[in-house]
Amino acid sequence: MGVHASAAAPRAVRSLIPARIDRLPWSPFHTRMVGALGAVWILDGLEITVASAVADTLTQPETLGLSSTQVGLLATVYLLGEVAGALFFGRLSDRLGRRNLFMITLMVYLVGSGLTALTLDNSGGWLVFLYATRFIAGMGIGGEYAAINSAIDELIPARFRGRVDIMVNGTYWFGAILGTLSTFILLNAFDPGIGWRIGFAIGPVLGIVILFVRRHLPESPRWQVMHGRQEAAEESISYLEGEVRASGYDLSPVDESKAIDVKAGDDHGYLALTRVLFRDYPTRSILSASMMISQSFLYNAIFFTYTLVLGKFYGVDSNDVPLFLIAFAVGNLLGPLTIGHLFDTIGRKIMIATTYIISGVLLAITAFLFNAGALTAITQTIAWCIVFFFASAGASSAYLTVSEIFPMEVRAKAIAVFFAIAQLFGSLGPVIYGALIGDGSDPFQLFLGYLLGAGVMVLGGIVAIFFGVAAEGRSLEEIAAPLNSTGREHSTGRGRTGTTRAEGAGSPR
């Protein structure tokens, strides 16, 4: 039986649902589910790359005739939309359920991005319309990050969780490749006034297909049982097990000793999250913030100034830039796909620290070569591909970490908060590095900037060494007991070292 009443407390239930999810073998159903849910990263990579690729086109009189400042503001508005969407929909995801929100947030993105293509000119009203649609599209993607990360972690068996999360997050770069190729073709095959509109329509078309696939996915049984919906939870887990059995797998009974006792509780807002972060999980909060901020700062700094460096320091023609961008994206994509499984086998702490520190050290070496004038556009791109092969896996592990080390009831909000913090700090990167690049006459300034980025990543790796959580192969409930767990009151006292026992429950074995 999945859940049944506990005699210990009137509102308590004893549930085997987490154990039933974690004992499932990988099946074609899991592949379909991950594809339907994880496509958000492809959409985000596509959306940002398309917006970057058509930036110059939008300044031309035959398109919208925007100024450089107005074009630059499009990226800022989209970023602010992501932050707002993550915080707003993250709260709703914990309150209303994962499935409800990953349907809503995708539709919000579809509306925002689709309407962007309908902007007619740069007059006052249409300019407001343009920025509003970019903000709405950003809200949809930001909300997706919170809802989808929660759903994937709660539906994937524990022994596969690390590699799946990391590979899915890494597919952002597949979206970047798709966006680069599509806009390169569109802007050359169509009139610029039409090509940029088709570019913004690609994401919504893909999103409509994803929306239909998502309709057949169940709600997270973990979320349902934590919110007192035992019958619905049993239906959802039975559906999951039925899909697995339909693929030819036999499922063994689950040991009753793996059951957990929980009580349905009220919605936990951001105030409750603040108490959880700073009272029960202070070192995990430091870990999450450092990982998210460091990777966001580095990526935004390098990626958004990539074309400037190629043009001003290496003289690359703007028409050839997409080829270099594709090479950069391939390096970023290969990292999570090839070494993501090591986060489940070798372990989270070792791999997080290794990928962060190696990428930082390699970036520092690249910086010295750059300052010495020893690189060409091609060798610079190769060097960055190697650096970000490791950095991409590390960045993906940041999202994995935040989504698995906090209690069920505040998981989506925790993802939203750290995502928002990362985006806000990350937005400083392009500003700082753009100023350091200047007119391209002084490589030493950018050299110092690269050393800063390298130091930030190394620091993130060092924090992981001390505060990392050995979450590989462990149930989410073992890593962080639910706030409504009937045994939680015995595990949240503060030990003599100052580390809470709640954190200790998830520390390395």
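The values are calculated or read from the model by the stated rules, or taken from the named source; none is laboratory data. Everything quoted here is computed from the prediction, not taken from an experiment. Positions of Cβ are generated from backbone atoms using ideal geometry, with glycine treated the same way; all protein chains shown enter the neighbour counts.
Brief remarks on what is shown
- Against the test of being surrounded by 22 or more Cβ atoms within 10 Å (Cβ to Cβ) and in a loop (DSSP other than H, G, I, E, B), the options Val417, Val456, Val469 yield a single qualifying residue, Val469.
- Options Thr105, Thr59: the member that is closer than 29 Å to Ser318 by Cα and in contact with a helix residue (DSSP H, G or I) (Cβ under 9 Å, 6 or more places away or on another chain): Thr59
- Residue in region 246-266 that is in contact (Cβ under 8 Å) with a residue 12 or more places away in the chain and under 27 Å from the mean Cα position of the chain (by Cα) present: no
- Test result for Phe313, crowded, with 18+ Cβ neighbours inside 10 Å and either more than 25 Å from the chain's Cα centre (by Cα) or in contact (Cβ under 8 Å) with a residue 60 or more places away in the chain (or both): yes
- Residue count for region 190-221, restricted to those that are of a type in the set (A, V, I, L, M), touching a helix residue (DSSP H, G or I) at 6+ places or on another chain (Cβ under 7 Å) and assigned to a helix (DSSP H, G or I): 8
- Long-range neighbours under 7 Å by Cβ, at least six apart or interchain, first residue not assigned by TED's automatic domain parsing to the domain that holds Leu424 within region 64-79, second charged (D, E, K, R) and surrounded by fewer than 18 Cβ atoms within 10 Å (Cβ to Cβ): Leu64/Asp121
- Output for region 187-221, where each listed residue is under 21 Å from the mean Cα position of the chain (by Cα) and either among the aromatic types (Phe, Trp, Tyr) or closer than 25 Å to Ser15 by Cβ (or both): Leu217, Glu219, Ser220
- Criterion violated by Arg134 - all others in (1) surrounded by 24 or more Cβ atoms within 10 Å (Cβ to Cβ); (2) among the basic types (Lys, Arg); (3) farther than 30 Å from Ser67 by Cβ satisfied: (3)
Table: residues versus (1) more than 12 Å from the chain's Cα centre (by Cα); (2) under 25 Å from Phe390 (Cα atoms); (3) among the hydroxyl-bearing types (Ser, Thr, Tyr).
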position	(1), (2), (3)
Asn122	yes, no, no
Trp126	yes, no, no
Leu130	yes, no, no
Arg134	yes, no, no
Met139	yes, no, no
Gly142	no, yes, no
Ser150	no, yes, yes
Gly162	yes, yes, no
Met167	no, yes, no
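- Odd one out for Phe88, checked against (1) closer than 30 Å to Leu476 by Cα; (2) buried (at least 18 other Cβ atoms within 10 Å of the Cβ); (3) of a type in the set (Phe, Trp, Tyr): (2)
- Contacts under 7 angstrom Cβ, first residue in region 227-244 being over 22 Å from Leu92 (Cα atoms), partner among the small types (Gly, Ala, Ser), 6 or more apart: Glu234/Gly2; Ile237/Gly2; Glu243/Ser27; Val244/Ser27
- The residue of region 50-73 that is nearest to Asp255 (Cα to Cα), among those that are modelled with pLDDT of 85 or more and buried (at least 16 other Cβ atoms within 10 Å of the Cβ), is Val50.
Here's the yes/no breakdown for (1) farther than 27 Å from Val34 by Cα; (2) part of a loop (DSSP other than H, G, I, E, B); (3) out of contact with any Gly (no Cβ under 6 Å at 6 or more places or on another chain):
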site	(1), (2), (3)
Ile237	no, no, no
Val244	no, no, yes
Asp261	yes, no, yes
Ala272	yes, no, yes
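- Answer residue from region 281-329, given it is among the charged types (D, E, K, R) and part of a helix (DSSP H, G or I) and is farthest from Phe467 (Cα to Cα) among those: Lys312
- Test for Ile352: is it crowded, with 24+ Cβ neighbours inside 10 Å and in contact (Cβ under 8 Å) with a residue 24 or more places away in the chain: yes
- Ile352 vs. criteria touching a helix residue (DSSP H, G or I) at 6+ places or on another chain (Cβ under 9 Å) and closer than 30 Å to Ser475 by Cα: yes
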